[in-house]
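The values are calculated or read from the model by the stated rules, or taken from the named source; none is laboratory data. Please read these numbers as outputs of a predicted model, since none were measured by experiment. Virtual Cβ from ideal backbone geometry, glycine too; neighbours counted across all protein chains shown. For the accessible areas, the whole protein counts, side chains as well, though only heavy atoms, and no ligand, DNA or RNA atoms are used. Shrake-Rupley method; radii C 1.70, N 1.55, O 1.52, S 1.80 Å.
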Amino acid sequence: MKLSIIVPIYNVELYLEECLQSLIIDDNNIEYILINDGSTDNSLEICEKFKNLSNVKIYNNTNHGVSFTRNFGISKAKGKWVMFVDSDDLLVSKWNLKISKYFDKKDDVLFFSSNIEKELINEKKELLLRCIGFKKNNNSFSGPYSKLYKRKFLNANNIRFNEKIINGEDMLFNCLCILYSNNISAFNEKIYKYRININSSTKKWKDNYILSDIEFRKILYSEINKNSILNKIEISEIKGFVDTNAKIGIIQRLAYSRDYSIFKKNAKVMSKYKFQKYNKLDIKKRIILYLFNLKQYKLVYKMYVNKLDKLKEINNYFVDI
């Protein structure tokens, strides 16, 4: 078995069949692991349309969240390589031909993107900085999609998605892969279509979001400090960058709640925690943080809600990774 494709599924009946049609092909070198994570809609019934295919495996679990579900998929996988596809996204036409030529690579991880320059190939440090978003941020670097992970490598290093973290777990997973890999390559190949959906469950506010973010940064910094890829000055600058963007991200996520009482309550909670400053922010982020630090919560809240209302007009479209 060359490849195991893991698809976590939760209440995506509107998009799931289109997703599965784009990726399932009749190829005994590829297995499809479809994991229903306690959906309450018709997602499981859609999966079962493919149950007679010999290379499709369907698991029906109670709800545990996407990290548990991906880890469950890894435990069931038999392929040399593991690949993740989100259940509202698509793979491009003939995706299998684009990646099958790399199945015999000796690398631990393979990155695919239409935005990868030649100098990125085999540059672990550069890939790490891209994954964190420090250089020319591209979501395809921090997300688990559009990549092949060697299953033996993941198991040997016990690399899994952290089930205690509800935001940043994808970035942390990829950073660990980069830091622990012996060989890693990036290729200028477009194989993935990412759906922009501001109503996704991953955009909702959860009460443990702030503590989860603190845990994410704690683990990330610990792992970076243990590795010799970056020097002390670079590590300090990256901490400032990640801390500041974490604060911006929490503020934005609070606005998704569309509940000012939740926004104000958690804004006050944030004041108890220290976020290292970063001085190279763009003007929009500087304004947001300036107003937020002045406790102009209502104004900041309205700015983000207005932004969300505008995004709704262009919501639900694909970005080619």
Rolling a 1.4 angstrom probe over the protein chains, ignoring ligands and nucleic acids, what is the accessible area of THR244 in square angstrom, nearest 10? 10
State the dimensionless ratio Rg/Rh of the range 61-174 (Rg: radius of gyration of Cα atoms; Rh: Kirkwood radius). 0.94
Calculate, for the range 144-301, the solvent-accessible area per residue in square angstrom, rolling a 1.4 angstrom probe over the heavy atoms of the protein chains. 51
Taking all protein chains together and a probe of 1.4 Å, list LYS265, LYS277, LYS76, LYS307 from the most accessible to the least accessible. LYS277, LYS265, LYS307, LYS76
Could you tell me the center-to-center distance, by alpha carbons, between the range 31-53 and the range 172-186 in angstrom? 30
Accessible-area order for ARG217, ARG286, ARG160, ARG258, largest to smallest, probe 1.4 angstrom, reads ARG286, ARG258, ARG160, ARG217
Would you mind checking the tilt of helix 169-180 against the longest principal axis of the Cα atoms of the chain, expressed as 0 to 90 degrees and rounded to 10? 70
Mind listing the phi-derived Karplus ³J(HN,Hα) values for the range 18-25, rounded to whole Hz, using 6.51, -1.76 and 1.60 with θ = phi - 60°, and x for any glycine or proline? 4, 4, 5, 4, 6, 10, 7, 10
Aspartates and glutamates whose Cα lies under 17 Å from that of LYS2, excluding same-chain neighbours fewer than 8 positions away: ASP26, ASP27, GLU31, ASP104, ASP107, ASP108
For the chain, with only Lys/Arg (+1) and Asp/Glu (-1) charged at the beta-carbon, what is the dipole magnitude about the Cα centre, in debye rounded to 20? 1400
Can you send over the carbon and sulfur percentage of the accessible area for the chain, probe radius 1.4 Å, protein chains only? 48
Computed ³J(HN,Hα) along the range 33-39: with the Karplus parameters 6.51/-1.76/1.60, θ = phi - 60°, integer Hz and x for glycine or proline, the list is 10, 9, 10, 7, 9, x, 4
Keeping every protein chain in place, order MET1, MET303 by accessible area at 1.4 Å, biggest value first, i.e. largest first. MET1, MET303
If I take every Cα pair under 8 Å that is 6 or more residues apart in the chain, average their sequence separation and divide by the length, what percent do I get for the relative contact order? 17
State the three equivalent ellipsoid semi-axes of the range 163-321, derived from the C-alpha gyration tensor as the square roots of 5 times its eigenvalues, in descending order and whole Å. 28, 22, 15
Relative packing of peptides 99-106, 141-148, 24-31 - highest average C-beta neighbours within 10 Å first: 141-148, 24-31, 99-106
Whole number in Å², please: accessible area per residue of the range 1-89, 1.4 Å probe, ligands, DNA and RNA not counted. 42
Please tell me which of these pairs span more than 30 angstrom C-alpha to C-alpha: LYS226/LYS277; LYS204/LYS274; LYS105/LYS247; LYS164/LYS265; LYS125/LYS298? LYS105/LYS247; LYS125/LYS298
